[in-house]
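Okay, so here's the structure we're looking at.
The values are calculated or read from the model by the stated rules, or taken from the named source; none is laboratory data. These figures come from a predicted structure and were not determined experimentally. Cβ atoms come from the backbone with ideal geometry, glycine included; neighbour counts cover every protein chain shown.
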Amino acid sequence: MKRVLSGIKPSGDMNIGGYGGALHQFLTMQDEYECFFFVPDLHAITVPQDPAALFRRSREIAAYYIAAGIDPKKATIFVQSHVPAHVELGWLLETQAHFGELGRMTQFKEKSHGKDAVSSALFTYPVLMAADILLYRATHVPVGDDQKQHLELTRDLAMRFNNRFGTTFALPEPIIQQIGSRIMGLDDPAKKMSKSNPNRNSYILLQDSPEEIRKKLARAVTDSEGVVRYDWEQKPEISNLIEIYAVFAGESVDTIEQRYRGVGYGPFKQDISDAVTAKLTPIQSRFNEIVDSEELTAILRQGALKAAADASETLRKAKQAMGLLTLD
Ligand code: AQP
């Protein structure tokens, strides 16, 4: 059975980068794979978080999964910290990870750059991510461009463990979609659209109103050529907007390029805004219904039970393989 595991960190309000690179893909996957979609709250706390905001956002991310159309009857939806096996397997795998390889992780270098106090958890976070994936014997992991290196590390750790202690883990393959795997900031197409960017105009939030969406897109940087053409080398600003449009309208890059031949950026941006609004409006109303509901609590409770039962099997095997004492 093909299995997928993926999640979106509750490290900031959710934006259309995470929608395009992750959530949008989850929807098609739930029919093709056995899916585990989680809220990686333990990853969020590798950098400082406001506890009240973290508490709220963990519910919000889960509510967005459901509001966007993930069906809890098909996919297991849960919060990472509700399943202690993640941390346990994370520790076992840390004994196999090398200091040097973790130091080479680009995301660690970027996130720690210029900071005085960097948590050791930020350094070891890719190992916890490996544990997340390996616990559920995921065969496939949808990853944005920036997570490829972490998935490579997961495979390396799994192979190292299997070679040393006998086959315990399945090796996961990445699924990298062509469109939407790297949605860049509206203010700067050289930087990924990120939840933690302090510039609110760099992203569109899933909770933004139609007016905010319109204004942010109107302000989005373009070039002076006035031609809607997909070319990341020469026209990164426009290529980014085309990708956003393609994700939200469900259209191909070719169709979009052809439609705006000879038309300026004004109508193009207005249509992107309409496509984003059309997709987000029903998601927002379902989100508002569910975010504080008992229904969501019950889904997460159920999801945690199911995930924990599944994870305990792999954890038991890994402990046994390493020679840790068992009493059964
Ligand atoms: N801008 C993006 N374009 C495409 N994919 C993206 N993803 C995130 N941003 C974009 C993908 O979504 C999944 C979940 O990501 P995450 O929220 O767990 O972590 P992240 O990539 O670190 O997201 P942020 O927004 O940049 O968070 P902060 O600022 O807190 O670090 C991943 O598959 C990711 O690739």
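Computed quantities for the displayed model
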{"quantity": "Residues of region 133-168 that turn out to be in contact with a helix residue (DSSP H, G or I) (Cβ under 7 Å, 6 or more places away or on another chain), within 14 Å of the ligand (Cβ to nearest atom) and either under 19 Å from GLY21 (Cα atoms) or among the small types (Gly, Ala, Ser) (or both), as a count", "calculated": "8"}
{"quantity": "Long-range neighbours under 6 Å by Cβ, at least six apart or interchain, first residue in the same structural domain as ALA318 (by TED's automatic domain parsing) and exposed (fewer than 15 other Cβ atoms within 10 Å of the Cβ) within region 158-170, second in a helix (DSSP H, G or I) and of a type outside the set (Phe, Trp, Tyr)", "calculated": "GLY166/ALA321"}
{"quantity": "Tabulated pairs, region 250-272, first not assigned by TED's automatic domain parsing to the domain that holds GLY226, second basic (Lys, Arg) and part of a helix (DSSP H, G or I), C-beta under 8 angstrom, 6+ apart or interchain", "calculated": "none"}
{"quantity": "Those residues of region 178-228 which are touching a helix residue (DSSP H, G or I) at 6+ places or on another chain (Cβ under 6 Å), closer than 16 Å to LYS269 by Cα and basic (Lys, Arg), in sequence order", "calculated": "ARG214, LYS216, ARG219"}
{"quantity": "Qualifying residue in region 29-37 (condition: buried (at least 21 other Cβ atoms within 10 Å of the Cβ), modelled with pLDDT of 95 or more, within 11 Å of the ligand (Cβ to nearest atom) and within 16 Å of LYS195 (Cβ to Cβ))", "calculated": "no"}
{"quantity": "Yes/no for PRO51 being closer than 27 Å to GLU110 by Cβ, within 11 Å of the ligand (Cβ to nearest atom) and either in the same structural domain as PHE123 (by TED's automatic domain parsing) or among the acidic types (Asp, Glu) (or both)", "calculated": "no"}
{"quantity": "Total residues in region 169-188, condition assigned to a loop (DSSP other than H, G, I, E, B), within 11 Å of the ligand (Cβ to nearest atom) and at pLDDT 90 or above", "calculated": "3"}
{"quantity": "Filtered residues of region 220-273 (kept if more than 23 Å from ALA22 (Cα to Cα) and in contact with a Pro (Cβ under 8 Å, 6 or more places away or on another chain))", "calculated": "VAL221, TYR260"}
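So that you can scan it fast, the table gives a plain yes or no per residue for (1) over 26 Å from GLN302 (Cα atoms); (2) in contact with a Cys (Cβ under 8 Å, 6 or more places away or on another chain):
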{"site": "LYS74", "(1), (2)": "no, yes"}
{"site": "HIS98", "(1), (2)": "yes, no"}
{"site": "GLU110", "(1), (2)": "yes, no"}
{"site": "MET129", "(1), (2)": "no, no"}
{"site": "HIS150", "(1), (2)": "yes, no"}
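Per-residue answers, yes or no, for (1) in contact (Cβ under 8 Å) with a residue 12 or more places away in the chain; (2) in contact with an Asp or Glu (Cβ under 6 Å, 6 or more places away or on another chain); (3) surrounded by 14 or more Cβ atoms within 10 Å (Cβ to Cβ):
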site: ASP292; (1), (2), (3): yes, no, no
site: LEU296; (1), (2), (3): yes, no, yes
site: LEU300; (1), (2), (3): yes, no, yes
site: ALA308; (1), (2), (3): yes, no, yes
site: SER312; (1), (2), (3): yes, no, yes
site: ARG316; (1), (2), (3): no, no, yes
site: ALA321; (1), (2), (3): yes, no, yes
site: LEU324; (1), (2), (3): no, no, no
site: ASP328; (1), (2), (3): no, no, no
